[in-house]
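The values are calculated or read from the model by the stated rules, or taken from the named source; none is laboratory data. The structure displayed is predicted, hence computed values, not measured ones. As a convention, Cβ positions derive from the backbone with ideal geometry for all residues, glycine included, and neighbour counts pool all protein chains shown. To get the accessible areas, we keep the full protein, side chains included, count just its heavy atoms, and leave off ligands, DNA and RNA. Shrake-Rupley method; radii C 1.70, N 1.55, O 1.52, S 1.80 Å.
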Amino acid sequence: MQSNVQSFGFGLAATLVLASGSAFAKQEWKFQINVNAGDDEYQIAQQWAKSVGEKTNGEITIEVLPTGTIVGNNETLDAVGAGIIQGHITDPGYFSGKNPAFAVYGNMVGAWTGPAPFLDYMRNAGGEEGYNRLVEPYNVHLIRAGAVGAEALISKRNIESLDDLKGLKVRAPEGMVSNIFKLVGATPVNLPTSEVYTGLEKGVIDAADYTVFSTNYQQGYHKYAPFAVYPGFHSMPMKDISVNKTLWDDLSSEQQKILEDSVDAFTEQLVSDLQKKDEEQVALAKQKGDVTLTSLPEDELKKFRQSAREEWTRWRDRSPQTKEAVDSIQAYLQDKGML
């Protein structure tokens with residue numbers, strides 16, 4: 001009888017181990033992204049999710065949901081931590097109400113002229129570690145930081161130096177972006193993105209801080225703003241690709257490495273594809289001759305960053321995490337001769 005009990009107990013234990021192992025091996029996650037289903041970024045994210053399933057032999061499957069499917073964009077951090085969704089692909093600026101450091105990591109205006117230096121900072125100069133210290137108390141883990149590229153600045157007049165910004169009515173969101181434009185002599189106007197076109201048409205604004213060149217051009221903004229600074233110089237948003245920390249901690253080191261490498265590939269594709277689309281639209285604009293493109297020289301970019309530092313300093317004292325972020329980014333820029 002004792003032998004039968006011991007045999008039964010051993011069998012039950014083995015079954016539980018197998019069941020546990022099976023549950024561990026098969027993870028079905030929902031990630032919410034902060035863009036619409038029709039956007040290029042959403043399609044690229046779906047390809048990334050498919051690649052994760054293939055690289056993990058089906059151990060981890062990810063379904064990418066468009067913006068607002070389960071929660072609002074400013075709620076995904078809490079939703080990931082609570083396990084309502086398992087991950088998100090988003091702009092950290094949505095969470096700046098929780099801590100201003102999210103805005104600094106998400107888009108420290110004037111710091112980055114493109115994805116390469118930003119990703120180098122995040123990957124190799126402590127940025128990702130600092131960001132994880134910010135999000136892990138919410139039970140969230142940053143897999144890797146991503147980016148989509150610098151945003152263009154469309155305008156009714158040619159911009160070849162900072163002096164050309166003086167008196168320009170620029171559509172810009174409230175906060176760091178608006179404040180820095182004001183510091184260099186522009187007049188910021190807070191308009192929702194849905195009113196950019198009519199704002200340009202009616203003269204409410206002279207220029208707009210609104211996404212990448214290809215989107216601006218395809219939506220016809222050049223009809224009223226036939227000038228564009230390209231590549232952009234002021235705004236380069238981060239993409240936060242994060243997962244529930246409890247789930248992350250339960251993964252094997254091999255699975256974690258697969259996810260990190262997959263996000264690196266996702267980011268590379270995201271930057272490359274959107275850059276290619278920008279280049280296609282730039283070539284079309286040049287062919288048609290309906291947009292005049294300019295770019296700021298490096299000395300003007302440095303002047304813009306110097307002005308931006310005043311605003312960075314004001315943000316620096318808003319929280320310990322904000323101080324850490326501002327100080328580490330400035331140290332990186334100085335080390336690279338960008339300040």
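Values as computed for the structure displayed
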item	result
Whichever lysines have a C-alpha closer than 25 Å to that of K50, once near sequence neighbours (fewer than 8 apart) are set aside	K26, K30, K239, K245, K257, K276, K277
Within a Gaussian network of the chain (alpha carbon springs, distance under 10 Å), most fluctuating of K202, K55, K245	K202
Probe 1.4 Å - accessible area at Y94, Å² to nearest ten	90
Gaussian network model of the chain, Cα within-10 Å springs - most flexible of A45, A150, A125	A125
Accessible surface, 1.4 Å probe, highest first, among residues K277, K50	K50, K277
Carbon plus sulfur fraction of accessible area for the chain, probe 1.4 Å, in percent	49
Per residue value of the accessible surface for the chain (all protein chains in place, 1.4 Å probe), Å²	44
Beta bridges by DSSP in the chain, antiparallel share as percent, to the nearest 5	50
Nearest-10 value in Å² for the accessible area of V148, using the 1.4 Å probe	30
Most positive-pole-ward Cα, I329, L284, T313, against dipole of the stretch 249-339 from beta carbon charges	T313
DSSP beta bridge pairing in the stretch 128-255, given as percent antiparallel to the nearest 5	70
Test item: Cα-centred dipole of the stretch 128-203, Lys/Arg +1 and Asp/Glu -1 on Cβ, debye	300
Full-extension gain in nm, L284 to R318, via 0.36 nm per residue minus C-alpha separation	7.8 nm
Most mobile listed residue (H234, H222, H88) in the chain, GNM with C-alpha springs under 10 Å	H222
Options Q32, T67, G110, ranked by Cα towards positive dipole end of the stretch 16-155, top entry (Cβ charges)	Q32
Relative contact order, percent, the chain [alpha-carbon distance under 8 Å, six or more residues apart]	22
Helix-only mean residue ellipticity at 222 nm for the chain, each DSSP H run of n ≥ 4 adding -39500 (n - 2.57), per residue, nearest 500	-16000 deg cm²/dmol
Size of the chain as Cα extents on the principal axes (Å, biggest first)	92, 43, 31
For the stretch 306-318, 3J(HN,Hα) per residue [Karplus equation, 6.51 cos²θ - 1.76 cosθ + 1.60, θ = phi - 60°, Hz, x = Gly/Pro]	4, 5, 4, 4, 4, 6, 4, 4, 5, 6, 3, 8, 7
